[in-house]
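Chemist: Questions regarding the structure given below will be posed in turn.
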Amino acid sequence: MSSIDRRDFLKLGLAATATAAVGIGMSRIPLPMTATSAEPEPDTIIPADEPAVIARGDHDQPSPHHWVMVIDQSKCVGCDLCLAACHAYNDTPPNISWSRVEEVEPTAEGRRVFRPTPCMHCEDAPCVEICPVGATYHRYDGLVMMDYERCIGCRYCQLSCPYGVRHFNWEAFTGPNPDVPAAGHPEVPRRPRGVVEKCSFCVQRIDRGLAIGLTPGFDPDATPACVVACTYGARLFGDLNDPDSPVSIALRQRPDAYRLKEELGTGPRVYYLPAEPALEESAS
Amino acid sequence: MTLIRRAATLIRHNALPALRQPIYRWMLFLMCLMAVGVGAALVVFIKGLGVTNLTDLVPWGLWISVDLSAIALAAGAFSISAIAYLLRRKELQPVARTAVYVGFVGYSIAMMMLLLDIGRPDRFWHGFVFWNIHSPLWEVTMCVGLYFSVLMLEVMPILGHWQPVEHRFPRLSHRLGSLHKLTPYLAFVGLCLSTLHQSSLGLTYGKLVARPIWYRPWPMAISFYLSAIVGGMALVTFISLVSARLTPRARVNKVTLDKLAYTVGWAVLFLLVLRWWDLMSMPVDYEPAKSEALYILTRGRLAFNFWGLEIVLGMVLPAVLLLVGHFRRIERVRILALALVAVGVVAYRWDTNLVGQLVVFGQVPGSDVPLFTNYTPSLIEILTATGVIAYGLLAVTFGVRYLNVIDHGEVVEAPAKASVPAAVVPSSYR
């Protein structure tokens, strides 16, 4: 028996489990782990037909939050569950994935390594700087947002993005979304043909959660869907200003955390914990 | 029935004999291309950009190259106007008139192409309303919009001199003609706006930190600006000389055009030095994505375009042909050389646009090993681009034939004697 068979078996099993988890999540039945936190009241949940939060926010008041995603490559198995959750919650067409999972160089022992790549929500984002109409912009808390009503579809941001995480709607996406489970419905409206779209860190979940007193990163209902869906715990999310948030703890424990193309000075908000334990030792 | 019969006789007696003349055949041919282009454009508008071969990896393709080239080759309008009116070279004022018309056509080509290229053509006006002053593309949008208005004002007197307008609406014709008074001021405004957006078009690429081969803000801005001036002057001279050979309606001052061609010769030599310098300043050591892009440009897929069209045919050969008096004095050679300069500028725009996109950097397994992608325009893209270019050729043909845009025999004083038809003014050079 090779180890690949076992991994495939595990992947299938976990995929099934997590699909069920996504389904449950979308049907809004509180999970046991959310039972301790305040339960979302039905009327505070944003219905799908209302536009997602695109208020530009007040830049004069610094946000108390510094949202960050940490991706632990030693835990990621490349199962694409995060993508399934993303497709379902954000109603992305089958040919567009807001993040992608790539296989990268294996470890020294030959273990396979994967790298999920969502939008980096750069602090100094090239796309925000060059969008001719300001359709992509920094929200008050620094997240990079898209204004789908303003985008003219010039695709300049696609050229400017060093991470290639921006996707153009080449065709209209109509009909039911095969990635949305029958029991749930997406949280944001579908984007029209001819605009560029990208990962939003599920701001609708963050904002809704904050409004009802939840803590993004701890409470699944206030955390990006991909983070919630990852059954391996490879994705963490939270507020870097909060020393007890999962991301602060992870980055404290792992000084070898790195970001993609840091040398470009874009200041990505996504940190990676390398899969290679050797790196960890050399760094400590 | 009678209507159809009358139309049939009209075609038999008027249209068919007319088609024996090559000029009408040429115009009919262009109109057919335009009709096909309009059909293809409708397909694009209805079905969306999915019908193109553009992808998320190569989102800017043939259309962008066409409008970059059209804007570059339209630069003769501002440069020759600036020489004629700001440097007070009076003998170039009639040439500036030709240049302004060609520029107007060039910018309208670019605007049509852009309208097709954006995903939401219904929001074309967003750039003027929603400002992001940090974006070079916003700057280009504003300046192109404003400069197009300048060109319209400059073209108005030419339209005013159109025979039907002059005969039926003499007062309107006079009004339009009097706009000519503005020309020196418009030349100044045009110089400013063009300098801004021609260089910003280079900066559009040069600012992108994500694509190392482009990320040279100053060299990109300067070479876009200067190559546009050279290409634009070459195209205006080329069109004037070719038209003068084809029709007596185009009257040129050979001495002036020869001087202009000689200037283009020096300018293209300067451009060659600049381009060579730019190339030589690129790293010899391996630099991710930049080295691969350089490979594509100099030895890979774009090598023929680069060495053949850009360097040899676009710069070296025309420089030799235009600077060596022996060659330049042969008119055919001079015309060929000027056409080659324009071809070289088009090739430069095409290569520059593609070279950064063909290397996919960091989207690849293993991440930092660059991967190559490919792009070939789809039939729809080619048909629409051909249609738009056919419009440009038809507009220039119309201008030469009916608007007397090439009439360099007449020295226009500012303000012009508006109501005197240009054809009446005797040309001292024929």
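The values are calculated or read from the model by the stated rules, or taken from the named source; none is laboratory data. The structure displayed is predicted, hence computed values, not measured ones. A quick note on method: Cβ atoms are made from the backbone with ideal geometry, for glycine too, and the neighbour counts reach across all protein chains shown. We work out accessible area using only protein heavy atoms, side chains counted, and drop any ligands, DNA or RNA first. Shrake-Rupley method; radii C 1.70, N 1.55, O 1.52, S 1.80 Å.
Chemist: Within the group B:P219, B:P184, which residue is modelled with pLDDT under 95 and within 30 Å of B:N132 (Cα to Cα)?
Modeler: B:P219
Chemist: I would also like to ask the following. Would you please name the residue that is nearest to the other protein chains (Cβ to nearest Cβ), looking only at residues in the stretch B:216-235 that are without any contact (Cβ under 8 Å) to a residue 40 or more places away in the chain and open to solvent by 20 Å² or more (accessible area, probe 1.4 Å)?
Modeler: In this case the residue turns out to be B:P217.
Chemist: Something else now. Are any residues in the stretch A:152-162 within 7 Å of another protein chain (Cβ to nearest Cβ) and either closer than 21 Å to B:G50 by Cβ or not small (G, A, S) (or both), and if so, which ones?
Modeler: Scanning the stretch A:152-162 gives A:I152, A:G153, A:C154, A:R155, A:Y156, A:Q158, A:L159, A:C161, A:P162.
Chemist: Follow-up. Quick test for you: out of A:A234, A:A229, pick the one residue that is more than 14 Å from every other protein chain (Cβ to nearest Cβ), among the small types (G, A, S), in contact with an Asp or Glu (Cβ under 6 Å, 6 or more places away or on another chain) and buried (at least 21 other Cβ atoms within 10 Å of the Cβ).
Modeler: A:A234
Chemist: For B:F130, only one of the following conditions fails: (1) surrounded by fewer than 19 Cβ atoms within 10 Å (Cβ to Cβ); (2) without any contact (Cβ under 8 Å) to a residue 40 or more places away in the chain; (3) out of contact with any Gly (no Cβ under 7 Å at 6 or more places or on another chain). What is its number?
Modeler: Condition not satisfied by B:F130: (3).
Chemist: For the stretch B:144-151, state whether one or more residues are farther than 30 Å from B:R97 by Cβ and among the hydrophobic types (A, V, I, L, M, F, W, C).
Modeler: no
Chemist: Quick one: would you say B:F270 is over 23 Å from B:Q93 (Cβ atoms), open to solvent by 60 Å² or more (accessible area, probe 1.4 Å), assigned to a helix (DSSP H, G or I) and more than 14 Å from every other protein chain (Cβ to nearest Cβ)?
Modeler: yes
Chemist: Still on this model: Of the conditions (1) open to solvent by 30 Å² or more (accessible area, probe 1.4 Å); (2) in a loop (DSSP other than H, G, I, E, B), A:G267 fails just one. Which one is it?
Modeler: (1)
Chemist: Which of the residues spanning the stretch A:61-92 are crowded, with 22+ Cβ neighbours inside 10 Å, out of contact with any Leu (no Cβ under 8 Å at 6 or more places or on another chain) and either within 22 Å of A:A250 (Cβ to Cβ) or free of Cβ contacts under 8 Å to residues at least 60 places away in the same chain (or both)?
Modeler: Across the stretch A:61-92, the qualifying residues are A:C76, A:C82, A:A85, A:C86.
Chemist: Still on this model: Residues being facing chain B (nearest Cβ under 7 Å) and free of Cβ contacts under 8 Å to residues at least 12 places away in the same chain: count how many of those fall in the stretch A:171-197.
Modeler: Summing the residues that are facing chain B (nearest Cβ under 7 Å) and free of Cβ contacts under 8 Å to residues at least 12 places away in the same chain in the stretch A:171-197 gives 0.
Chemist: Still on this structure: Kindly provide the set of residues from the stretch A:108-123 that are more than 13 Å from chain B (Cβ to nearest Cβ) and out of contact with any Cys (no Cβ under 6 Å at 6 or more places or on another chain), ordered by number.
Modeler: Residues satisfying the conditions are A:A108, A:E109, A:G110, A:R111, A:H121, A:E123.
Chemist: Follow-up. How many residues does the stretch A:237-264 hold that are away from every other protein chain (no Cβ under 14 Å) and in a loop (DSSP other than H, G, I, E, B)?
Modeler: Qualifying residue count, the stretch A:237-264: 10.
Chemist: Take the conditions assigned to a helix (DSSP H, G or I), open to solvent by 30 Å² or more (accessible area, probe 1.4 Å) and charged (D, E, K, R) and apply them to A:D179. Does it pass? Full working, then the answer.
Modeler: Values: assigned to a helix (DSSP H, G or I): no; open to solvent by 30 Å² or more (accessible area, probe 1.4 Å): yes; charged (D, E, K, R): yes.
No, not satisfied.
Chemist: Ok, one more. Restricting attention to helices (runs of 4 or more DSSP H) lying wholly within the stretch B:53-141, give those where 3 or more residues are more than 8 Å from chain A (Cβ to nearest Cβ).
Modeler: Once the helices (runs of 4 or more DSSP H) in the stretch B:53-141 are filtered for at least 3 residues that are more than 8 Å from chain A (Cβ to nearest Cβ), what remains is B:62-73, B:76-81, B:93-117.
Chemist: Check B:A70 against each of (1) among the aliphatic types (A, V, I, L, M); (2) in contact with a Phe, Trp or Tyr (Cβ under 8 Å, 6 or more places away or on another chain); (3) open to solvent by 20 Å² or more (accessible area, probe 1.4 Å) and name the one condition it does not meet.
Modeler: It fails just one condition, (3).
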